[in-house]
Each structure stands twice: as C-alpha cells, then as structure tokens.
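The values are calculated or read from the model by the stated rules, or taken from the named source; none is laboratory data. None of the values given here were measured: they were computed from a predicted structure. We place every Cβ from the backbone using ideal geometry, glycine too, and count neighbours over all the protein chains shown.
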Amino acid sequence: MSYPVFDLHCDTADRIAWSTVDARFRTLADLDRFDPNGNGEEAGDDLAQGPGHLTLERMGEVPWAQCFACFIYDEFPPEESARFYQQVMDHLNEQLARNADTIATARRAADIRAALEGTGRVAIKTIENARLFAADPSLVGTLADAGVLMASLSWNAQGPLASGHDVEDAGITPLGADVIRRMEEARMILDVSHLNDTCFDDVARLTTRPFVASHSNSRAVCGHLRNLTDAQFIEIRDRGGLVGLNYCPDFLRDDASTHDPTTDDLCRHIEHWLDLGGEDVIALGSDFDGTDLPACISSAAKMPEVQQAFVHAFGETITRKLCADNALAFFERWGR
C-alpha cells in the first residue's frame, strides 16, 4: 500500500530545462554540476520519463503533489536571474501542458487537494534563491499572482537578500526585509532552507506568519550546517510551520562518505523531531535532482518502500501526516 506524497522541494525543473536555456547562462555558472547523470545535455528535457530522480513515470501510482523549484545560481546577477527563471518556468509550463492529462498545476493552495483527487498528481511552483526579487521587488506580487506559492531568499553564498551557510555572520539585508514584507502581504510562503543561523534569527524577528524549511534535516542527528538546530525546529513548530526531510546523504549522517544512509537514518531524523513535539510539523523535502541520493531512496520509484519503513517505525497515522497531510493542511491554511 502507498500513501499520498506532498514533496516540498525538488530541482527537476532546472534539470529538464538545462538543454533549453540560453547558452550565456553556462558562462555564468556550471549548470551541469547538480546533474545526477554528469552531463546536462544528456539528462533530457522530458518530465514524463527519463534518467532523473523524479519523473511522472517514476511517481508510479502514488498520488503526488510536487513543489517544483526554479533553482537560481548564486553566480547569477539579479537581472540575469529573472531571465533564467522565466526560461526554466517556460519549459516547465510546456511540459505540464504536454502532460496535462496526468498532472495538474496548482495556481493556488486551494487547488492542491482537488488536483490530487483528480489527476492524482499536481505541480506547485516555487523558487529557490529568489535573487530576481532584488532586481524588482514588485515581482513578488506578480509571481504570486502567476502561481508561485513559495520562495527562499538565498542559496549557500552571500546574496542581495540573505546569505547561506557559507557566510556565518551576514544577516537579512534591508532589501531582503522588504521582500519578506512583500511575501507576507502576497501570502507567498517563505522558505528558510539554506539560510545561515544569523539570517534565520532575523527571519524569526521580521516575520508575522509561519514559515517553512522545505528541505533541511536535524543538526542534532547530523551536524551539517545546512540542518536545523533544535531551537530552530522548535521556532518553526511554535509558529505552525513545516520542515521537509531532505534525502541528501551528507545531511542524513555525519559519515555519509563511507556509509550510505538507509531508511533507518531517515527515521532517526523523524524520531528526533517527534521527540521535540513535531508530529504536525514534519513533511518531505526530497531534493530530487539536486543532490546525490542514497540507494534506499534513489528515485521517486522507491517511495512505496520508504513509506513502508515509516509505517513500521511510526505507524500509519504519522506516516500519512509526514508524507502529505501536514503539508497539505499548512498550504491550505497559510498559502495564497
């Protein structure tokens, strides 16, 4: 038996667009560096099937709501970021239209449940590292109206809005604070994954609405700086937010270079969060097509096996909550 999935983050939109974006972007950043096959030109541009971690074929019969992020590279200036975003999303839109009989598109949070009950699959548009908002903050409202339901402010480096874990002591910039205010007004969900600890504290001070860590694990279980401290998890919990479990090996266990993570490692993070009172907070944030993956969850096709491991460890009720119900309830309550 399989359970519905609501996955808060993947990089599949970039992967399938790499062969279609303007060549000038390849001079700004290495667009092949996250390709699981090692060569973006060979990765294909088809959402339905192909070698990537996440395809419609690999979703199988599992009802599936997927947040498709446009990941914007730290090397892209804000103006270039806006053009890159448009090209990636144009390709994603073309793929969604081509496969409209098997996957719907949610322009509003209220569309997600009905789409899952209809086609059984639904695409949700998000942005990772929304540097384009620095070029024109009014894009927050424009893209929210166009169906972007969630965005993060940085990736790993120092940026025009916020900074990632590569920079320890840089906080949210004045422009970033303005973008946060605009996001709250537009009901675009704020994603704090990749923020450094200083920026996280700034977000907690600046925001009035719950926020999400779409693909971050527990730093108490695995000490990588990309993971959340217990205090950060509790802050998200107390605000009514969400935390999506990331499948990246380096975020699952400290010795991942020599020990491939198993479903037991996934469960260790979940169990720790449950001990922190996170039953209604935990969700999935795979990072499909944005990282290497352990054998236990090497693609979306492995999800039924992973779900059975969750049922064995935590029971059916918690498995349903962490796989989809918590995220669905959050988006319906706080999304646009």
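Values computed for the structure shown
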read-out	value
The stretch 304-336 - residue that is small (G, A, S) and part of a helix (DSSP H, G or I) and, of those, farthest from G278 (Cα to Cα)	A309
Cβ-Cβ under 9 Å pairs, at least 6 apart or on other chains, the stretch 174-190 side in a helix (DSSP H, G or I), far side of a type in the set (D, E) and surrounded by fewer than 16 Cβ atoms within 10 Å (Cβ to Cβ)	A186/D145
Which numbered condition D74 fails, given (1) out of contact with any helix residue (DSSP H, G or I) (no Cβ under 8 Å at 6 or more places or on another chain); (2) more than 30 Å from G159 (Cα to Cα)	(2)
Residue list for the stretch 221-234, filter: part of a helix (DSSP H, G or I) and either of a type in the set (A, V, I, L, M, F, W, C) or surrounded by fewer than 19 Cβ atoms within 10 Å (Cβ to Cβ) (or both)	D230, A231, F233, I234
Residues being buried (at least 16 other Cβ atoms within 10 Å of the Cβ), over 18 Å from the mean Cα position of the chain (by Cα) and closer than 20 Å to V212 by Cβ - total across the stretch 141-177	6
Residue under evaluation R205, criteria (1) more than 26 Å from T291 (Cβ to Cβ); (2) in a helix (DSSP H, G or I); (3) in contact with a helix residue (DSSP H, G or I) (Cβ under 9 Å, 6 or more places away or on another chain), criterion not met	(3)
Selection within the stretch 265-297 - assigned to a helix (DSSP H, G or I) and either under 17 Å from D250 (Cα atoms) or polar (S, T, N, Q) (or both)	D265, L266, C267, R268, H269, I270, A295, C296, I297
Residue satisfying all of: in the stretch 80-123; in contact (Cβ under 8 Å) with a residue 60 or more places away in the chain and closer than 16 Å to M188 by Cβ; surrounded by the fewest Cβ atoms within 10 Å (Cβ to Cβ) among these	A110
Flag for G40 being buried (at least 19 other Cβ atoms within 10 Å of the Cβ), small (G, A, S), modelled with pLDDT under 95 and closer than 20 Å to R121 by Cα	no
Every residue from the stretch 15-30 that is in contact with a Leu (Cβ under 8 Å, 6 or more places away or on another chain) and closer than 16 Å to T55 by Cα	I16, A17, W18
Members of the stretch 253-292 found to be more than 17 Å from the chain's Cα centre (by Cα) and of a type in the set (D, E), listed by number	D254, D255, D260, D264, D265, E271, D275, E279, D280
Among (1) under 22 Å from R15 (Cβ atoms); (2) surrounded by fewer than 16 Cβ atoms within 10 Å (Cβ to Cβ); (3) in contact (Cβ under 8 Å) with a residue 40 or more places away in the chain, the one test that A295 misses	(3)
P304 being modelled with pLDDT of 95 or more, more than 18 Å from F6 (Cα to Cα) and out of contact with any strand residue (DSSP E or B) (no Cβ under 9 Å at 6 or more places or on another chain)	no
Unique match (being within 22 Å of L8 (Cα to Cα) and surrounded by fewer than 24 Cβ atoms within 10 Å (Cβ to Cβ)) among C248, C199	C248
